[in-house]
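Participant: Can you keep this structure in mind? I'll have questions shortly.
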Amino acid sequence: MPSGSSTPSGSDSKRQRVLPVPKTVASLRTFEPDSSIVSDIIPSPNHGERNKGRQPDMIVLHYTGMPDVEGALARLCTAGSEVSAHYVVLEDGRIVQCVPEAKRAWHAGVSSWAGEDDINSCSIGIEIINRGHDWGYPEFPLRQIAAVIALCRGIMLRRKVPAHRVLGHSDVAPARKKDPGEKFPWHSLANSGVGHWVTPAPIVRGETLMLGTISDAVLSMQQALARYGYGVPLTGKYDAATLEVVTAFQRHFRPARLDGVADHSTLSTLQALLASLPAEGTTVASK
């Protein structure tokens with residue numbers, strides 16, 4: 001399969017490429033995979049200890065956002081890049097492990113969720129090979145999504161990760177990130193028990209909350225987003241930070257329109273998600 005292609009076809013679909021192992025990892029000690037469905041180990045030096053012994057109870061999904069597999073693996077596994085992930089899922093469905101689950105990989109960066117701001121310490125990071133928005137943003141192949149689902153299900157079982165704590169990078173870092181993006185089939189994952197999802201409310205005409213609005217309704221929306229887990233200021237003003245969070249919410253849960261405007265569809269979908277959370281799943285923010 002050519003580097004960076006979205007879906008193989010014909011006889012190429014049955015042909016597996018030899019994985020490009022970065023030269024810099026040749027001397028690194030390998031380790032036993034945490035998952036039985038891992039096909040390759042390519043160790044990354046970019047990891048550390050989880051702070052205060054924090055055990056991971058969250059999964060964060062990313063796309064690599066680079067033109068090809070070689071570049072993505074090189075960046076994730078090269079000392080000095082200061083980025084890594086526990087797993088990489090290739091387009092053909094193969095799964096590479098780069099960091100043991102017990103270690104703290106460097107995948108989330110500056111981020112927060114449900115009052116925690118060291119997401120790297122409380123999560124497992126999974127990078128999905130996809131060129132991303134800057135390189136054409138292809139669809140995710142079915143075999144790749146099937147592998148993501150299988151990998152996540154195993155992690156959720158081992159680590160007791162609740163469905164609502166399977167998130168995208170854009171959820172925990174809405175001001176900086178778009179991945180895995182609006183084309184990522186969250187509904188398919190949820191149908192297999194991975195992630196939290198409700199059918200988005202239909203987009204209809206009606207009153208909206210938008211940038212610049214100052215009202216109790218804005219504060220109520222901000223409080224609802226914070227209860228779900230998003231890091232949003234509770235000010236009652238629809239500012240730039242609120243716009244970024246609403247857009248991130250839409251990218252994950254209402255991808256039909258990404259405009260950062262809190263319309264009836266967005267607000268109703270948010271309320272439906274909150275209503276379907278387990279009692280311990282909501283977070284009361286105090287910002």
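Participant: Anything in region 57-87 that is charged (D, E, K, R) and out of contact with any Cys (no Cβ under 8 Å at 6 or more places or on another chain)? List them, or say none. Full working, then the answer.
Facilitator: Filtering region 57-87 for residues charged (D, E, K, R) gives 57, 68, 70, 75, 82.
Correct list: D68, E70, R75, E82.
Participant: Another question, then. For region 175-187, which residues satisfy the criterion of being open to solvent by 30 Å² or more (accessible area, probe 1.4 Å) and part of a loop (DSSP other than H, G, I, E, B)? Please lay out each step first, then the result.
Facilitator: Filtering region 175-187 for residues open to solvent by 30 Å² or more (accessible area, probe 1.4 Å) gives 175-178, 182-183, 187.
Once the filter is applied, which keeps residues that are open to solvent by 30 Å² or more (accessible area, probe 1.4 Å) and part of a loop (DSSP other than H, G, I, E, B), region 175-187 yields A175, R176, K177, K178, E182, K183.
Participant: Determine whether region 70-86 contains at least one residue that is in a strand (DSSP E or B) and either surrounded by fewer than 19 Cβ atoms within 10 Å (Cβ to Cβ) or not basic (K, R) (or both).
Facilitator: no
Participant: Okay, next question. Which ones in region 228-242 are open to solvent by less than 60 Å² (accessible area, probe 1.4 Å) and in contact with a helix residue (DSSP H, G or I) (Cβ under 8 Å, 6 or more places away or on another chain)?
Facilitator: Once the filter is applied, which keeps residues that are open to solvent by less than 60 Å² (accessible area, probe 1.4 Å) and in contact with a helix residue (DSSP H, G or I) (Cβ under 8 Å, 6 or more places away or on another chain), region 228-242 yields Y228, G229, Y230, G231, V232, P233, L234, G236, Y238, T242.
Participant: Would you mind telling me which numbered condition in (1) closer than 22 Å to I155 by Cα; (2) at pLDDT below 95; (3) in contact with an Asp or Glu (Cβ under 8 Å, 6 or more places away or on another chain) P8 fails?
Facilitator: Only one criterion in (1) closer than 22 Å to I155 by Cα; (2) at pLDDT below 95; (3) in contact with an Asp or Glu (Cβ under 8 Å, 6 or more places away or on another chain) is unmet by P8, namely (1).
Participant: Given the criteria closer than 26 Å to Y228 by Cβ, surrounded by 24 or more Cβ atoms within 10 Å (Cβ to Cβ) and in contact with a Gly (Cβ under 7 Å, 6 or more places away or on another chain), does V166 qualify?
Facilitator: Yes.
Participant: Restricting attention to region 188-227, and to residues there that are part of a helix (DSSP H, G or I) and in contact (Cβ under 8 Å) with a residue 60 or more places away in the chain, which single residue is most open to solvent (accessible area, probe 1.4 Å)? Reasoning before the result, please.
Facilitator: Here is the first cut: in region 188-227, the ones part of a helix (DSSP H, G or I) are 188-191, 216-227.
Keeping just the survivors that are in contact (Cβ under 8 Å) with a residue 60 or more places away in the chain gives 223, 226.
Values: Q223: 78, A226: 5 Å².
The selected residue is Q223.
Participant: Which of (1) part of a loop (DSSP other than H, G, I, E, B); (2) more than 20 Å from G93 (Cα to Cα); (3) over 13 Å from the mean Cα position of the chain (by Cα); (4) of a type outside the set (F, W, Y) is the odd one out, the single condition E139 does not satisfy?
Facilitator: (2)
Participant: Follow-up question, since we're still on this one. It is to be established whether one or more residues within region 109-121 are open to solvent by less than 10 Å² (accessible area, probe 1.4 Å), hydrophobic (A, V, I, L, M, F, W, C) and more than 24 Å from P174 (Cβ to Cβ).
Facilitator: no
Participant: Filter region 28-69 down to the residues that are outside any helix (DSSP H, G or I), of a type in the set (S, T, N, Q) and more than 18 Å from V148 (Cβ to Cβ) and list them by number.
Facilitator: T30, S44, N46, Q55
Participant: Hey, V99 hits all of (1) in contact (Cβ under 8 Å) with a residue 60 or more places away in the chain; (2) within 19 Å of R75 (Cβ to Cβ) but one; which does it fall short on?
Facilitator: The single condition V99 does not satisfy is (1).
Participant: If you go through region 34-69, how many residues are open to solvent by 40 Å² or more (accessible area, probe 1.4 Å), farther than 23 Å from A173 by Cβ and touching a strand residue (DSSP E or B) at 6+ places or on another chain (Cβ under 8 Å)?
Facilitator: 5
Participant: Another question, then. Within region 243-287, can you find the residues that are at pLDDT below 95, part of a helix (DSSP H, G or I) and open to solvent by 30 Å² or more (accessible area, probe 1.4 Å)?
Facilitator: Answer for region 243-287, where residues must be at pLDDT below 95, part of a helix (DSSP H, G or I) and open to solvent by 30 Å² or more (accessible area, probe 1.4 Å): A279, E280.
The values are calculated or read from the model by the stated rules, or taken from the named source; none is laboratory data. Just so we're clear, the structure is a prediction, and the values are computed from it rather than from any experiment. We place every Cβ from the backbone using ideal geometry, glycine too, and count neighbours over all the protein chains shown. Heavy atoms of the whole protein, side chains included, go into the accessibility calculation; ligands, DNA and RNA do not. Shrake-Rupley method; radii C 1.70, N 1.55, O 1.52, S 1.80 Å.
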